[in-house]
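The values are calculated or read from the model by the stated rules, or taken from the named source; none is laboratory data. Not measured: the values here are computed from a predicted model. Quick reminder, even Gly has a Cβ in these numbers, built from the backbone with ideal geometry, and neighbours come from all protein chains shown.
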Amino acid sequence: MDLNYSAADLQWRDEVRRFLDASLPADTRGRLLEGLPAGVEDIRRWQRTLYAHGWGAVAWPERFGGLGLSKVRQHLFELECATAGAPPQLPFGLKMLGPVLMQFGNPTQQQYFLPRILSGEHWWCQGYSEPGAGSDLASLKTRAVLDGEHYVVNGQKAWNTLGQHADWMFCLVRTDAAAKPQRGISFLLIDMRSPGISVRPTKLLDGTPEVNEIWFENVRVPVAQRVGEENQGWTYAKFLLEHERTSIAGVGVARRAMAHLRRVAAVHSQGGRAMIEDPLFRARVAQLDIELTALEITNLRMISQEASKTAPTPDASILKIRGSQIQQAISELLLETIGIRALPFAELPAQAPASPALPGPVHAAGLTANYLNLRKLSIFGGSNEIQKNIIAHMLLDS
Amino acid sequence: MDFSFSDEQGMLMDAARRLVTDQYGRDGARQRAATADGYSRATWSEFARLGLLALNVPEEHGGLDAGPIGTLAVCFVLGEALVVEPFLSSAVLATLAIARLGSPEQRLQWLPRLAAGEAIAVLAHEEGDGGPVATAVRTVAVADGGEWVLDGCKSVVYHAPAADLLLVTARIDAPTGAQTALFAVPPDAAGVALQPYVTVDGQRAADISLHQLRLPSSARMGAEVGADLQAVLDQGLAALCAETLGALERLMRMTLDYTRERVQFGVPIARFQALQHRMAEMATHLEFARSMTYLAASQCVAGEPAGRAAALSAAKVIVGQAARFVGQQAVQLHGGMGVADEYGVSHYFKRLLAAECRFGATAWHLTRYAGTL
Ligand SMILES: Cc1cc2nc3c(=O)[nH]c(=O)nc-3n(C[C@H](O)[C@H](O)[C@H](O)COP(=O)(O)OP(=O)(O)OC[C@H]3O[C@@H](n4cnc5c(N)ncnc54)[C@H](O)[C@@H]3O)c2cc1C
């Protein structure tokens, strides 16, 4: 057993740091280190920058334009990027669709779509959930009916993240209404500019239009844009979920938030002393910092041992639950550092978020918006209740 | 021992219910938040017509003098509907302050107008760094040739943008030690600057800066006001607990209803035991919050000052923790609907968040309580 990074791993980390020092735009970095969310333009620009450096998708195999990095180095990359204040890379193309296309897509699809994900030319969104199909995804109703060389799609998707900016959607549709729910689903790639699609952004708690309702009315999708076999979509969707665990814990983002918490708590005082000097508060920060270390080591252990596991494990669910809880808890403490100053509020502009002109500490509105926004972490991507069901099921039934 | 409301208090509750039913549709709070004033003047007149603005006006001025329990009863109902009119700010805090501390002329000048809904007053006391303590004031007042000169800042004063009268606390450094004093200040006086904004729960508030504000000696209300002002602040805290309890109760009901209706995996999600247990925990928080809200109001009726401070802090801790737990779990159990701003849950969540932070946040009260052990 050796829990240290290898010399080569550390070299990689240093290379990433040098790159970030040189290439991460100062305005983006400033925003993210101040606890504000990344704007849409931050995300686009960063993907272009990474791509230009050959790092558009470090996790992908080399034959598809990636670096074929080990899991541990992927972890280091995400940790360094996040703590330096880099925006997230959009997960929909890179982490979700990409691996599915590599495994199940045909060469035409791979050659057309993968390079455009890498470069950031295509913004992808995920069209799974529907008003009536959230946790119970297999009950989805959006239907696709074959008509010559096209599917004709009708239905409605819900809670679609940032789909208002998307060029493409990967989408689960029902192609066989008579089969068992999981058997009659297909996996389609849909051009968001197709006639018959309407998109309505809706605001989250913090006022940001981060999700969308999307309607399909006789939208024609070429059969060539189906991934894999008809009615096998559920298999691909499950494959996709199982391949998105390296970063599911969100260690890097949590580390950035923890550093922010310590900064803010050292600056803001209540009752005449800095919050970080308040023994009660300090103990709570310490508790969270410890939990975060446990999360990081657990994450590293699980991803290191992943390849040697033969049976399915509840690892991803454990990481998702604790990762979301820790991020949410940090956002709560951040809010508490400023007491009543958390209440003046203004929505943040989506393109390039900036602290609104409100009285009080500059961080205040960002902290409140952040607390509100992060309530989503325990709901999306399989709610924490569903993750607990999965863990219990694996413990008891296998 | 008796935990029930009197007939009179029950009637007040009915009046508040009627008002809320007539004036607040499903979306009343949100519609008002979108207007320039942030509240409805028409509804405010209705409050007056039903006598609710006279709740804390003494009988000799034609008021109801309903006391902390009557206030609890009304605020509970207002909290259920997330009422945004300045009831707590003007009809509880400021009205009580004038009734207790105003000179006969000030009482005659303001109480009838406040009760009639013709004027709104707010108490500007807290300075953003602690809790609702009468002596915690950094704003200073200095005597200067028969006038007072005030300098300082007040933070997050709810409903200040709507106010016709500000009741501003300041410290006077007398040879015998510092005293807290209260001043009646017209919001448009030279030297007063309001920076207004919307709060996270969709209400209106302002930071107020006072710079070389000159006031006639008649602007001072009472003399050394510490004890009376503390009693007013305590009643405000108790009223906030009552409002919060109302919001908690409604949100609990919304969650029960939603989980009975929402179907996933072929059954209402209320059938899942994990969610049943969560709702049982929410209900437990709610019942503790109810008890402590009653305790807070009762202490305002009868408690002696030291014991009252501890009891109010205990109440705020329990109510604040209930606000956080019930708020977060209601969102969680609504899934995507919980985080979507269009649906009601998010409004309750944000109101509960504001309640946690106002009148001293949970951690502040925990620390104060610890100091009393
Ligand atoms: C901000 C945000 C972004 C999203 N982005 C996307 C996206 O880009 N693409 C996409 O397809 N989807 C997206 N989603 C949808 C997300 O995956 C769903 O919200 C999630 O699956 C929960 O579904 P639901 O909202 O319908 O809640 P429901 O499934 O109705 O759940 C309500 C509550 O019941 C609980 N529950 C449900 N079933 C059980 C059970 N069996 N046992 C115990 N408890 C249960 C849940 O945990 C939850 O607390 C997003 C959601 C959010 C909030």
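When every residue of the stretch B:283-297 is checked against the conditions, none turns out to be within 16 Å of the ligand (Cβ to nearest atom), within 23 Å of residue A:329 (Cα to Cα) and surrounded by fewer than 22 Cβ atoms within 10 Å (Cβ to Cβ).
Within the stretch A:233-275, the set of residues being within 17 Å of residue A:341 (Cα to Cα) and either within 14 Å of chain B (Cβ to nearest Cβ) or polar (S, T, N, Q) (or both) comprises A:265, A:267, A:268, A:269, A:270, A:271, A:272, A:273, A:274, A:275.
For the residues B:302, B:242, the requirement of being away from chain A (no Cβ under 13 Å) and touching a residue at least 24 places away in the same chain (Cβ under 8 Å) singles out B:242. Every condition in (1) crowded, with 21+ Cβ neighbours inside 10 Å; (2) within 14 Å of chain A (Cβ to nearest Cβ) is met by residue B:324 except one, and the failing one is (1). Can you tell me which residue in the stretch A:142-166 is nearest to residue A:219 (Cα to Cα), limited to those that are within 13 Å of the ligand (Cβ to nearest atom) and part of a loop (DSSP other than H, G, I, E, B)? Selected residue: A:142.
Quick one: which of A:292, A:372 is within 19 Å of the chain's Cα centre (by Cα) and over 29 Å from residue B:201 (Cβ atoms)? So that I can check it myself, show each step before the final result.
Details: A:372 fails: over 29 Å from residue B:201 (Cβ atoms).
When all the criteria are applied, what remains is A:292.
Taking each residue of the stretch A:123-134 that is within 11 Å of chain B (Cβ to nearest Cβ) and looking for partners that are of a type in the set (Asp, Glu) and surrounded by fewer than 24 Cβ atoms within 10 Å (Cβ to Cβ) with beta-carbon atoms closer than 9 Å, six or more apart or interchain, yields A:131/A:213.
Exactly one residue out of B:157, B:137 is within 14 Å of chain A (Cβ to nearest Cβ), under 21 Å from residue B:100 (Cα atoms), touching a Lys or Arg at 6+ places or on another chain (Cβ under 7 Å) and of a type in the set (A, V, I, L, M): that is B:137. Taken over the stretch A:185-202, the residue count meeting the criterion of being among the basic types (Lys, Arg) and either touching a Ser or Thr at 6+ places or on another chain (Cβ under 9 Å) or within 18 Å of residue A:156 (Cβ to Cβ) (or both) is 1. Of the helices (runs of 4 or more DSSP H) lying entirely inside the stretch A:1-114, those containing at least 2 residues that are farther than 30 Å from residue A:191 by Cα and outside the structural domain of residue A:367 (by TED's automatic domain parsing) span A:7-23, A:26-33, A:71-84. Against the conditions (1) among the small types (Gly, Ala, Ser); (2) away from the ligand (no atom under 13 Å from the Cβ); (3) surrounded by fewer than 18 Cβ atoms within 10 Å (Cβ to Cβ), residue A:138 satisfies every one except (2). Figure legend. Inter-residue proximity from the stretch B:249-272: first residues in the same structural domain as residue B:322 (by TED's automatic domain parsing) and more than 9 Å from the ligand (Cβ to nearest atom), second residues of a type in the set (Gly, Ala, Ser) and not in a helix (DSSP H, G or I), beta-carbon distance below 9 Å, spacing 6+ or different chains. Indicated pairs: B:250/B:81. For the stretch A:136-184, the candidate set comprises residues that are without any contact (Cβ under 8 Å) to a residue 12 or more places away in the chain and within 14 Å of chain B (Cβ to nearest Cβ); within that set, the residue that is farthest from residue A:41 (Cα to Cα) is A:180.
Take residue B:135 and decide whether it is outside the structural domain of residue B:301 (by TED's automatic domain parsing) and outside any helix (DSSP H, G or I). When the stated conditions are applied, residue B:135 passes them. Among residues of the stretch B:184-205 that are more than 10 Å from chain A (Cβ to nearest Cβ) and free of Cβ contacts under 8 Å to residues at least 60 places away in the same chain, those with a beta-carbon under 6 Å from a residue that is of a type in the set (Gly, Ala, Ser) and assigned to a loop (DSSP other than H, G, I, E, B) at least six positions away or on a different chain give the pairs B:187/B:163.
Does residue A:357 satisfy the condition of being away from the ligand (no atom under 16 Å from the Cβ), at the interface with chain B (Cβ under 10 Å from one of its Cβ atoms) and of a type in the set (Gly, Ala, Ser)? Spelling it out, residue A:357 is indeed away from the ligand (no atom under 16 Å from the Cβ), at the interface with chain B (Cβ under 10 Å from one of its Cβ atoms) and of a type in the set (Gly, Ala, Ser). Restricting the search to the stretch B:332-349, which residues are at the interface with chain A (Cβ under 7 Å from one of its Cβ atoms) and away from the ligand (no atom under 11 Å from the Cβ)? If the condition is that a residue be at the interface with chain A (Cβ under 7 Å from one of its Cβ atoms) and away from the ligand (no atom under 11 Å from the Cβ), then B:341, B:342, B:346, B:349 are the ones that fit. Filtering the stretch A:179-218 to residues that are outside any strand (DSSP E or B), within 13 Å of the ligand (Cβ to nearest atom) and of a type in the set (Ser, Thr, Tyr) leaves only A:208.
Yes/no per residue for (1) at pLDDT below 90; (2) touching a helix residue (DSSP H, G or I) at 6+ places or on another chain (Cβ under 6 Å); (3) away from chain B (no Cβ under 13 Å):
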position: A:300; (1), (2), (3): no, no, yes
position: A:309; (1), (2), (3): yes, no, yes
position: A:337; (1), (2), (3): no, yes, no
position: A:340; (1), (2), (3): no, yes, no
position: A:370; (1), (2), (3): no, yes, no
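Which of the residues that make up the stretch B:273-282 are in contact with a Phe, Trp or Tyr (Cβ under 9 Å, 6 or more places away or on another chain) and more than 13 Å from the ligand (Cβ to nearest atom)? Hit for the stretch B:273-282 is B:281, nothing else.
Checking the condition among the acidic types (Asp, Glu) and not in a helix (DSSP H, G or I), which residue from A:347, A:332, A:336, A:385 passes? Walk me through how you get there before you give the answer.
Numbers: A:332 fails: not in a helix (DSSP H, G or I); A:336 fails: not in a helix (DSSP H, G or I); A:385 fails: not in a helix (DSSP H, G or I).
Just one listed residue meets the conditions, A:347.
Just one of the numbered conditions (1) crowded, with 18+ Cβ neighbours inside 10 Å; (2) away from the ligand (no atom under 12 Å from the Cβ) is not true of residue A:108: (1). Scanning the stretch A:120-133 for residues being surrounded by fewer than 16 Cβ atoms within 10 Å (Cβ to Cβ) and more than 16 Å from the ligand (Cβ to nearest atom) gives a total of 1.
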